[in-house]
Each structure stands twice: as C-alpha cells, then as structure tokens.
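These notes concern the structure reproduced below.
The values are calculated or read from the model by the stated rules, or taken from the named source; none is laboratory data. Since this is a predicted model, take the numbers as computed values, not measurements. Neighbour counts run over all protein chains shown; Cβ positions are idealised from the backbone, glycine included. Each accessible area value is taken on the protein alone, full model and side chains, heavy atoms only, with ligands, DNA and RNA left out. Shrake-Rupley method; radii C 1.70, N 1.55, O 1.52, S 1.80 Å.
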Amino acid sequence: MADNLFQITFYEEKNFQGRSYESMSDCSDMSSYMSRCQSCRVESGCFMLYERNNYMGQQFFMRRGEYNDMHRMQSMGMMFDNIRSCRMIPFHRGQFRMKIYESENFGGQSNEMMDDCDNIQDRYRMSDCQSCNVMDGHWLMYEQPHYKGRMMYMRPGEYRSFRDMGMSGQRFMSMRRITDMC
C-alpha cells in the first residue's frame, strides 16, 4: 500500500477479482475504467460513492475497510449496486457548523448546528430540511431519523435547494459530522 492519505480500489467482480481501478482523488466518471463495480478496498481515507457520473444520484459513505460484495452492502444501507463516481472526503480539524433551513432558498425556520442531530423534528421541531449552509466541516445528512436511509454528503458551501441537486422528494431528518480520519 502506498503512503497516500486517500486510496480506494474498485473491482469489477466480487472478492476483489477482475479488472480494477485505483483512485487517490475524486473521479467523476469511472465508466471508462470499468463496466461495473462488485467489490472495493478503501486502503486509506474516507470516500463518498455515487450511483451516477458527476457525483449525482444516491450516495454511500465508505471508510477504511474491505468490501468484498457490493450487493451485501445493501444491508448496511447502500441503496444501489453500481458505482459511477467517487469523491474523497478530506479530514477536517476544528469546529463544525451548519445552518439548516426548513424551506428552499434559506427560508422558513432555521437552526444552527455544531454537533450531530439524530432527529431534527425532536430537537428543533422542524418537519423538513430543504436547504442549508455548511460553514465548517463535512457532514452526512440522512433521510430518516437516527442516521438511517439514503444519505447526502455536504461539504462547506451554500445549498439553496436539495431538489435542484437531484434530491427531489427526499427530506433530511438527521445529520452527522464526519469526524474520523477513517
């Protein structure tokens, strides 16, 4: 293994067999390297995997480890069986801050968060989250309370409309900071 902060290897077949593709950075389109992904190894770092090219579609968070059968990953919450793009998640030192909004374009009720929240309805009496501003840190947002269901990776920036990001009909009910170096 190389001494890289970020390294993931994808394999076309289960149990790390077949053609492989190694990445040490973001990759917006893996289709030119392989036709499908049935297993992968995260040698170092954390990565977000995406169902479609250009970091679109459903997402899944991966930390260091061996994943010999991507179909089995569905039991861990992965809702898709093909990976088309991946993004490395840099380690963040310092505080975490995110402001969540009930409506698109930073409208409606808002709350600033600095730590994990397993249920925005219980904690903030918010029934929905449709936009946010991530000021510090990297976060995972989940469609159900208690960090369950589909997820979305949020890095620092303004997100005016989750619907415009291809998350139409999806609501986010829990949020977690990405605090580990994986």
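Here is how the numbers come out for the structure above:
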| item | result |
| --- | --- |
| Cα centroid of the stretch 11-43 to Cα centroid of the stretch 129-173, whole Å | 26 |
| Probe 1.4 Å, accessible area per residue of the stretch 14-115, Å² | 50 |
| Charge tally in the Cβ shell below 13 Å around H146, where Lys, Arg are +1 and Asp, Glu are -1, H146 excluded | -1 |
| Peptide ranges 22-28, 90-96 listed from the most packed, as the mean C-beta count within 10 angstrom indicates | 22-28, 90-96 |
| Where labels lie 7 Å past Cα in the beta-carbon direction, separation of R163 and D128 in nm | 0.7 |
| Lys, Arg +1 and Asp, Glu -1 on Cβ, resulting dipole of the chain about Cα centre, debye, nearest 20 | 100 |
| Accessible-area value, L140, 1.4 Å probe, nucleic acids and ligands omitted, Å² | 10 |
| Options M126, N105, H92, ranked by Cα towards positive dipole end of the stretch 88-132, top entry (Cβ charges) | H92 |
| Computed helical MRE - 222 nm, the chain, DSSP H runs ≥ 4 contributing -39500 (n - 2.57), nearest 500 | -500 deg cm²/dmol |
